[in-house]
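Heads up: the structure comes next, in structure tokens.
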Amino acid sequence: MPTTGLHLGLSTLFIRKNLLTEEQIALAITKSRKNKASLVSTVISENLIDARKIAELCYEEYGTPLLDLNEFDINSIPEEFLNKKLIEKHKCLPLFKRGNRLYIATSDPTNIAALEDFQFSAGLHAEAILVEDDKLCKALETILEDDISSLDLSSIDEEALAGIEVTDTDKRDEEQEGNGKDDAPIVIYINKILTDAIRKGASDLHFEPYEKRYRIRFRIDGILHEVSEPPVNLSGRISARLKVMSKLDIAERRVPQDGRIKMKLSRSKSIDFRVSTLPTIWGEKIVMRILDSSSAQLGIEKLGYEDDQRIMYEEMLAKPQGMILVTGPTGSGKTVSLYTGLNILNTEERNISTAEDPVEINLEGVNQVHINLKAGLTFASALRSFLRQDPDVVMVGEIRDLETAEIAIKAAQTGHLVLSTLHTNSAAETLTRLINMGVPGYNIASSVNLIIAQRLSRRLCPTCKEAEDIPAEELLKLGFNQQHVDAGITPFKPVGCDLCSGGYKGRVGIYEVMKMSDEIARTIMEGGNSLQILKQAKLQGMRDLRESGLLKVIQGVTSITEINRVTSF
């Protein structure tokens, strides 16, 4: 078994410093062995102790030199010391040589076996340098990347690409995968585009042919940015290459097609792309959605829920039956919210089945069904089958019609927890949408437990954001209440720097969480409209999307401009 940092020294140290109990240490060691991870990484991932605290503690206890790995250029590491087998085995990184000594970055200075192995391999005396575990893991990912992911470091000569002519013979041969020398730059170029998209945190890639130009755009934090403009005469070759990678019919250009690409970034991490082609008058437009399974592993506390909203969601997930609905437009983060809930529910004791169109992210331990309308496998038929499979939790990708809604409600009323989505603008409108579909009000009132409406707002870059001076009268007009204005609000605005995109970096969820109550149930059964339902929900203390967004402004997370963009006012 590989050395994983399960050393008595650190365990004893954490207990002696009253940072962890013996029970917590025992549980962490068990998880470390199960996941083949280091004790330090496990303790950090479980939010028991943070990485910086562990590094400082080890520095004080063992006197090992402490280094900020962000300030070290890992490209300067001599190639002869990069023994990747040892690096992966011990989760340590050789940094540099001085005299006859090789200095090894580690988050666990008690890992003597690692030092001995590197010493034997390099023929030098090995000494430990303490680094923070999260920074070390990031550096190790970079070092251990496979060849395919390092292609984005290659410089592709645009002029060389422009020199490739598409002859009549080439056009006939486009449908072949292409192993000639002319195809090599296209292969490298596409790999570079894909890896750049992953590194920049894009959610979608758009390959768009026009009459006189070809445009490639990335959607980053919800906004499209043009990133490349290859020669227009390469349109057919780029489409053919992407379709080959997606295992699509490259001879068929008249109808839309859907496929997938799996791209391995390292030994332990891979990314899926969902590919959609669309015939246009100038060629095939191809859109690729990046499906990163790590986004589904986010803890609920990282999604942006306020404490009261998060507690409500967790309480409803703990109920044995009922329905939780998540609503919002396409790209508002509904899938991540649902998958986060499923991850909380995904235990050995529960049987979980999902019907999705399509299955975007694979979840181990969850029975996922891909809807196939051509074969007659609809949401409704999948749901009927689930109910004969002894389910505890059922997730329906979307409630689109009365038949699906009725079966989902029946499941929620007969001892099952049902999660699903609808496309509406607010939590209150979700209830009236179900009524308009034809679902009786009493069925909605007795089955729906919680409705979450959400949007995604761009986060301000913490490095360059600046305070914005806005008069109190203007703040009141924007929707801030008098109490907030009197307390002294300091909104921030985007500026822009090398570390962000236009002053923003990443996104955060904005939520409207409405819990079914007796009063709201009565309003529904009395035929109340969405405005009456919203009024009742606000009387119970619910914040609407606008109010939740303004709260994020007060917290300095996002800007007023961004909240105006994503919420109606």
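The values are calculated or read from the model by the stated rules, or taken from the named source; none is laboratory data. Small disclaimer: the values here were computed from a predicted structure and weren't measured. Here the Cβ is made from the backbone with ideal geometry for all residues, glycine too, and neighbour counts use every protein chain on show. Remember, those area values only see protein heavy atoms, side chains included, never the ligands or the DNA or RNA. Shrake-Rupley method; radii C 1.70, N 1.55, O 1.52, S 1.80 Å.
Structure data summary
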| read-out | value |
| --- | --- |
| Enumeration of residues in the range 211-224 that are assigned to a strand (DSSP E or B) and farther than 13 Å from Lys285 by Cα | Phe218, Arg219, Ile220, Ile223, Leu224 |
| Hits in the range 378-400 - residues which are without any contact (Cβ under 8 Å) to a residue 24 or more places away in the chain, open to solvent by 60 Å² or more (accessible area, probe 1.4 Å) and either farther than 14 Å from Val439 by Cβ or in a helix (DSSP H, G or I) (or both) | Arg384, Arg388 |
| Residue count, the range 84-105 (criterion: touching a residue at least 24 places away in the same chain (Cβ under 8 Å) and open to solvent by less than 60 Å² (accessible area, probe 1.4 Å)) | 11 |
| From the options Met323, Met316, residue that is in contact (Cβ under 8 Å) with a residue 24 or more places away in the chain, of a type outside the set (Ser, Thr, Tyr) and farther than 22 Å from Ile371 by Cβ | Met316 |
| Any hit, the range 199-210, residues being in a loop (DSSP other than H, G, I, E, B), over 14 Å from Ile290 (Cβ atoms) and without any contact (Cβ under 8 Å) to a residue 24 or more places away in the chain | no |
| The listed residue being open to solvent by less than 30 Å² (accessible area, probe 1.4 Å), β-branched (Val, Ile, Thr), within 15 Å of Glu547 (Cβ to Cβ) and not in a strand (DSSP E or B), out of Val485, Val513 | Val485 |
| From the options Leu531, Leu434, residue that is in contact (Cβ under 8 Å) with a residue 40 or more places away in the chain, closer than 24 Å to Ser332 by Cβ and aliphatic (A, V, I, L, M) | Leu531 |
| The range 225-276: number of residues that are at pLDDT 90 or above, closer than 27 Å to Val508 by Cβ and either in a helix (DSSP H, G or I) or open to solvent by 50 Å² or more (accessible area, probe 1.4 Å) (or both) | 4 |
| Considering residues of the range 123-132 that are open to solvent by less than 60 Å² (accessible area, probe 1.4 Å) and either at pLDDT below 85 or assigned to a loop (DSSP other than H, G, I, E, B) (or both) only, the residue nearest to Lys97 (Cα to Cα) | Leu124 |
| From the options Glu403, Glu474, residue that is at pLDDT 90 or above, open to solvent by 60 Å² or more (accessible area, probe 1.4 Å) and not in a loop (DSSP other than H, G, I, E, B) | Glu403 |
| Number of the condition not met by Lys181 [criteria: (1) among the charged types (D, E, K, R); (2) modelled with pLDDT of 90 or more; (3) surrounded by fewer than 16 Cβ atoms within 10 Å (Cβ to Cβ)] | (2) |
| Subset of the range 302-321 that is open to solvent by 20 Å² or more (accessible area, probe 1.4 Å), of a type in the set (A, V, I, L, M, F, W, C) and assigned to a helix (DSSP H, G or I) - its residue that is farthest from Met542 (Cα to Cα) | Ile311 |
